[in-house]
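In what follows, a single structure is set out as structure tokens and then discussed.
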Amino acid sequence: MNITYLGHSALAITLNDGTNLIVDPFISGNPLVDVELDTLHPDYILLTHGHYDHIGDAVELANVNNATIVGMMELMKYMKQKGVQQTHGLNLGGGHDFDFGRIQLTPALHSSGLEEEGQLIYLGEAAGILIKADGKTIYHAGDTADFSDLALIGEQHEIDCAFLPIGDNFTMGPKEAARAAKRLQAKRVVPIHYNTFPAIKQDPEVFVAQLEAQNGYVMQIGETIEVS
Ligand code: NI
Ligand code: MN
């Protein structure tokens, strides 16, 4: 599979069979990203939680591409209300075998909701996402804090590549993310969720330098890596 970093927490993943997955597509609202939405052709859109910097362009991308959105039950109900035709709801710890591979939601220590017309809308728990396809396991941590049960995820899944937030303020910072990387025992670790806003300014190289056995790698926006 090939994984392209689209800035913030957004990834575009192309599987060997041509299936396109997009995780947390915050694209048009991200000033650091220069990618036109019509260049993206997702078959599935995976959402970690209901904050605007993760839902992003999910509704438009789903409708234009006839894509299926996958994520927490409550968030999927919200997506239906927004006119998305195809959704697949999961809950924490649960997974589903799709044609292309398996998607499983993992616990994440974070919140999930939106404000609309002065009302706060509850959108279920925040999650991390395990993607198993092409014989590989990818872990997208969402916006989680560091917590000890990340070690369970590492014990139960041999993670080839983990995407961890390092921005601080809304998620763990570089020091906590380095600790989380150790718990997860991932073969490769890529920092996400930094520098998009002033509050989450970080030097990703400082994070990578703190990693021990884990192989840290800073992806540039628009860069593609092959996980094989
Ligand atoms: Ni969030
Ligand atoms: Mn976020």
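Please determine whether any residue of region 162-184 is within 14 Å of ligand 2 (Cβ to nearest atom), among the β-branched types (Val, Ile, Thr) and out of contact with any Lys or Arg (no Cβ under 8 Å at 6 or more places or on another chain).
yes
In region 30-41, is there at least one residue being within 19 Å of ALA126 (Cα to Cα), within 17 Å of the chain's Cα centre (by Cα) and in contact (Cβ under 8 Å) with a residue 12 or more places away in the chain?
no
Pull out all pairs, ordered by first then second residue, where Cβ-Cβ is under 7 Å, the residues are six or more apart or on different chains, the first lies in region 100-118 and is part of a strand (DSSP E or B), and the second is of a type in the set (Lys, Arg) and more than 16 Å from ligand 1 (Cβ to nearest atom).
Pairs found: ARG102/LYS132.
Being assigned to a strand (DSSP E or B) and either without any contact (Cβ under 8 Å) to a residue 12 or more places away in the chain or buried (at least 22 other Cβ atoms within 10 Å of the Cβ) (or both) is true for just one of ALA180, ALA209, ALA186, ALA162. Which residue is that?
Answer to the selection: ALA162.
PHE147 passes all but one of (1) surrounded by fewer than 20 Cβ atoms within 10 Å (Cβ to Cβ); (2) under 16 Å from LEU21 (Cα atoms); (3) among the aromatic types (Phe, Trp, Tyr); which number fails?
The one condition PHE147 does not meet is (2).
Please work out which residue is farthest from the chain's Cα centre (by Cα), limiting yourself to region 120-159 and to residues that are without any contact (Cβ under 8 Å) to a residue 40 or more places away in the chain and in a strand (DSSP E or B).
LEU120
When you scan region 189-206, how many residues do you find that are in a strand (DSSP E or B) and touching a residue at least 60 places away in the same chain (Cβ under 8 Å)?
Selection size over region 189-206: 2.
Filter region 75-103 down to residues that are within 16 Å of ligand 1 (Cβ to nearest atom) and crowded, with 18+ Cβ neighbours inside 10 Å and give me whichever is nearest to the chain's Cα centre (by Cα).
LEU75
Mind checking which residues of region 45-59 are more than 11 Å from ligand 1 (Cβ to nearest atom) and either surrounded by fewer than 24 Cβ atoms within 10 Å (Cβ to Cβ) or in a helix (DSSP H, G or I) (or both)?
Passing the criteria: ASP57, ALA58, VAL59.
Any chance region 114-121 includes a residue that's surrounded by fewer than 20 Cβ atoms within 10 Å (Cβ to Cβ), among the small types (Gly, Ala, Ser) and within 28 Å of THR14 (Cα to Cα)?
no
Bear in mind these aren't lab numbers, they're just calculated from the coordinates by the rules spelled out. Note that the coordinates shown come from a computational prediction; the quantities given were computed from them, not determined experimentally. Positions of Cβ are generated from backbone atoms using ideal geometry, with glycine treated the same way; all protein chains shown enter the neighbour counts.
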